[in-house]
1. Read through the list (1) modelled with pLDDT under 95; (2) assigned to a helix (DSSP H, G or I); (3) of a type outside the set (V, I, T), then give the number of the only condition that N180 fails.
2. Looking at the range 104-124, is at least one residue closer than 29 Å to E203 by Cα, assigned to a strand (DSSP E or B), assigned by TED's automatic domain parsing to the domain that holds R205 and free of Cβ contacts under 8 Å to residues at least 40 places away in the same chain?
3. Read through the list (1) loosely packed, with under 15 Cβ neighbours inside 10 Å; (2) touching a His at 6+ places or on another chain (Cβ under 6 Å), then give the number of the only condition that E38 fails.
4. So which residues in the range 52-64 are closer than 13 Å to E31 by Cβ and in contact with a helix residue (DSSP H, G or I) (Cβ under 9 Å, 6 or more places away or on another chain)?
5. Hey, among the residues in the range 136-155 that are surrounded by 16 or more Cβ atoms within 10 Å (Cβ to Cβ) and touching a residue at least 12 places away in the same chain (Cβ under 8 Å), which one's nearest to V84 (Cα to Cα)?
6. Give me the residue from the range 41-64 that is β-branched (V, I, T) and either over 23 Å from the mean Cα position of the chain (by Cα) or at pLDDT below 95 (or both) and, out of that set, surrounded by the most Cβ atoms within 10 Å (Cβ to Cβ).
7. Is at least one residue of the range 191-206 assigned to a loop (DSSP other than H, G, I, E, B), surrounded by fewer than 17 Cβ atoms within 10 Å (Cβ to Cβ), of a type in the set (K, R) and out of contact with any Pro (no Cβ under 8 Å at 6 or more places or on another chain)?
8. Can S4 be described as among the hydroxyl-bearing types (S, T, Y), modelled with pLDDT under 95 and surrounded by 13 or more Cβ atoms within 10 Å (Cβ to Cβ)?
Amino acid sequence: MEKSGGTLYLCGTPIGNLEDVTLRVLRVLGEADLIAAEDTRHTRKLLSRYGIKTPLTSFHAHNRVRKTPELLERLREGASVALVSDAGMPGISDPGAELVAAVARAGFNVVPVPGPSAVLTALVVSGLRTDRFVFEGFLPRRGRKRALEGLRGERRTAVLFEAPTRLQATLEDILEVLGNRMVVVARELTKQHEEVFRGTVIEARAHFTARPPRGEFTLVLEGGAGEPVSLAPEPAALAAQLVELQAAGSTRGNALREVARRHGMSRRQLYGLLVDPQRGKDWPGK
């Protein structure tokens, strides 16, 4: 690496498998004057694997205000600083983006050193359209349904991050706001327990009810047709929701009430959609 003073290198690191690192990233990490890491303990595992001894400092959401001036000062002194996140490219859903903006405003060089990305990895393995997509990151803790409303008429494939503790709630919100469209749930990408689930939102909910979610999740959501998606799926999809709720312990009456609430209809309207007029039977399990 040609050491040019005052340069910030954005280094993409593995999202799981430590072999997914480029030769260029390893060289830059080894030759930099300082590595700014989101979690120094996590980054030390990568550095130890490849025998890299470069000094480390932390740069994360809780110390970014204090550490940004310190890193700018190092750049003024002519140092080369490598910025890494816990996984993937720095600046994606982490405070690295703020540091890049500050460094660029100060007139120092910013050089990308590409590497793995959970966003692109999940997108290409999804089987959904990849020619146009949007990245939504993590949905806000509050106002998630309001955020999803913005995707109602979105034609492009959408990619989201989610924590395991909120996966089921997010799938339910997607079902209520966007309907029962196709979704790909990628778990622990490139790691030992990698899993890629493909199916409808209802099928994904059932799958992760039977297998409690663990690990890191990336969701890839089918785009709409350009029109607001109907909140009431086909009768078969409604029936599947009822069966799922009953399997989880809801009474028949409570299951009817809950599904009717999700889709803005009365219990009578819902029941009318489900009854088979020829057989006089409703959803499976009666």
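The values are calculated or read from the model by the stated rules, or taken from the named source; none is laboratory data. Computed from a prediction, not measured in an experiment: that's the story for all the values here. All Cβ positions, even for glycine, are placed from backbone atoms using ideal geometry, and neighbour counts span all protein chains on display.
1. The single condition N180 does not satisfy is (2).
2. There is no residue in the range 104-124 that is closer than 29 Å to E203 by Cα, assigned to a strand (DSSP E or B), assigned by TED's automatic domain parsing to the domain that holds R205 and free of Cβ contacts under 8 Å to residues at least 40 places away in the same chain.
3. Checking E38 against (1) loosely packed, with under 15 Cβ neighbours inside 10 Å; (2) touching a His at 6+ places or on another chain (Cβ under 6 Å), the one that fails is (1).
4. Residues of the range 52-64 closer than 13 Å to E31 by Cβ: 52-55.
Matches in the range 52-64: I52, K53, T54.
5. Residue satisfying both the conditions and the ranking: E136.
6. By that ranking, first place goes to I52.
7. Checked against the condition, which is being assigned to a loop (DSSP other than H, G, I, E, B), surrounded by fewer than 17 Cβ atoms within 10 Å (Cβ to Cβ), of a type in the set (K, R) and out of contact with any Pro (no Cβ under 8 Å at 6 or more places or on another chain), the range 191-206 yields at least one hit.
8. On the way: among the hydroxyl-bearing types (S, T, Y): yes; modelled with pLDDT under 95: yes; surrounded by 13 or more Cβ atoms within 10 Å (Cβ to Cβ): no.
No: the conditions fail for S4.
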